[in-house]
Amino acid sequence: MTPERLRAFCLEFNGAVEEFPFDEGTSVFKVLGKVFALSALGSDPLRVNLKCDPDEAVRLRAEHEAVRPGWHMNKRHWNTVTVAGLPEAMVRELIEDSYDLVVAGLPRAERLRLDRP
């Protein structure tokens, strides 16, 4: 997955936006003001921080060397994924899971507005 494909995929979700609150090199992808992905898209190797269910995070870290505790994030709820270390379909699934977790924490009215009851 290239940086361009990563950005495009993150922006496909309803209500998703890209912001740069830290610096011009760190893309922060949000849904209704809540972060679901962060990446320095120009970094090599390409990595992305993604929210994850705590039990699933532990399992993923044990099974995949490319999945580590979230750098500069709550290590219980966030993983840092080295994109080249996983199949693209799995990276897409992890991004979607992160988005869904964040949306699930939104008030019902906002979830309905996003078409995600």
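For this structure, a couple of remarks:
- Just one residue in the set 9, 36, 13 is part of a loop (DSSP other than H, G, I, E, B) and at pLDDT 95 or above; that residue is 13.
- Some residue of segment 19-31 being in a strand (DSSP E or B), more than 16 Å from residue 101 (Cα to Cα), over 11 Å from the mean Cα position of the chain (by Cα) and free of Cβ contacts under 8 Å to residues at least 12 places away in the same chain: yes
- Scanning segment 90-105 finds one or more residues that are surrounded by 13 or more Cβ atoms within 10 Å (Cβ to Cβ), under 23 Å from residue 115 (Cβ atoms), among the polar types (S, T, N, Q) and in contact (Cβ under 8 Å) with a residue 12 or more places away in the chain.
- Residue 74 fulfils the conditions (1) in contact with a Gly (Cβ under 8 Å, 6 or more places away or on another chain); (2) modelled with pLDDT under 95 except for a single criterion, (1).
- Segment 68-91: number of residues that are on the phi > 0 side of the Ramachandran plot and of a type in the set (Gly, Ala, Ser): 0
The values are calculated or read from the model by the stated rules, or taken from the named source; none is laboratory data. Predicted, not measured: the structure shown is a model, and the values here were computed from it. FYI the Cβ positions are ideal-geometry reconstructions off the backbone, even for glycines, and counts take in every protein chain you see.
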